[in-house]
Structure formats: C-alpha cells, structure tokens
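Working notes, structure below.
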Amino acid sequence: DYKKIAKEEIEKIKNYLLSDKKSQEKEKIRINIADKMLENSKMEMPEILVESELKRIESQFTDDINRMGVKLEDYLKHAKKTIEEIQKEWLPYAEKKAKLQLILNKISELENIIVDKKEIATEVKHILEHYKNANAEHAYTYAETILTNEKIFQFLENQS
C-alpha cells in the first residue's frame, strides 16, 4: 500500500530532520564552548603542534579532492596557488585547532577523562573497514582523540 509506505517515509524524514537539527544545536553549543575556552586562554603554541595540524589539514584536503577524482597538482594549477599559499590560508585555523586540542588534553588530564580501550578498538575496526589503506596506528590515535574529545565536551556541557 503506497499510502502506508509514503507515511513511513515522511516519518523517517521527520526523524532525520529532527536529529539533524539536534546535531546542529549541539555543534553550535560546542563551538561556543570552544570559542570561550580559546578566548580565555593565553598560551604560546609550540610550532611543532601547528605544523602537525597543518599536515593533518593538508592530508585531509588532499584525500578529499582525490575522492572527487582531482589531483592536488591539478587543483593547485586551477586555483593558481601553491601549496605554501594555501597552507598560509590554513595557518590561523591550524593554530586554533592545535590550541584547542591542548586545552582539551589538559581538561582530560585534570578531570581524568579516559576512553575505554574497547571503545577505541571498536572505532579503529570501523575506520579500518571503511578506509582499507588507513594506517592502524594513526587510526588508533585518531579514534582515541575523537572519542576522548567527545567525552570532554559531554563533561563541559554538563557543567553549564
């Protein structure tokens, strides 16, 4: 019966939109928390952390454009930019991300926020299933960071 199917589909769409709206609201709250932490912290950023973040951004950018079937060299030619020019544009974002991660790491340390190794292993397995060429060690570090950050933000949200 097409009416029943249509009604089910409409319900799925409503649920998706509601879930998406909640995710957006949660993200806005987290951005606000992060901005306040960054605004109130005065620290010198170790250059190596910023460089590491720049490399991570570049790697993700390269992977993203490769998935679209574009080579980095072709993108750069079309954009009429060098990778150094693009990195310069990314620098403020990389500094902000590195600084935020330092703050989150300190909160994790002070509040003893630790992710269970089984949760990390499950996430690593998921990553390696979806990204066959992923480095297992990098996947572990990534999973641990993402899951820990999630717990830290949950902790911070509950403080408000």
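The values are calculated or read from the model by the stated rules, or taken from the named source; none is laboratory data. The structure presented is a predicted model; accordingly, all values stated were derived computationally and were not measured. Using ideal geometry, Cβ is built from the backbone for each residue, glycine included, and neighbour counts are taken over all protein chains shown. The area values use the complete protein model at the heavy-atom level, side chains included, leaving out ligands, DNA and RNA. Shrake-Rupley method; radii C 1.70, N 1.55, O 1.52, S 1.80 Å.
Below, the figures for the structure above:
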{"read-out": "From the options LYS36, LYS42, residue that is in a helix (DSSP H, G or I) and either touching a helix residue (DSSP H, G or I) at 6+ places or on another chain (Cβ under 9 Å) or of a type outside the set (A, V, I, L, M) (or both)", "value": "LYS36"}
{"read-out": "Residue in the stretch 143-156 that is in contact (Cβ under 8 Å) with a residue 60 or more places away in the chain and of a type in the set (Phe, Trp, Tyr) present", "value": "yes"}
{"read-out": "The stretch 126-149, subset part of a loop (DSSP other than H, G, I, E, B) and not hydroxyl-bearing (Ser, Thr, Tyr), residue least open to solvent (accessible area, probe 1.4 Å)", "value": "ALA134"}
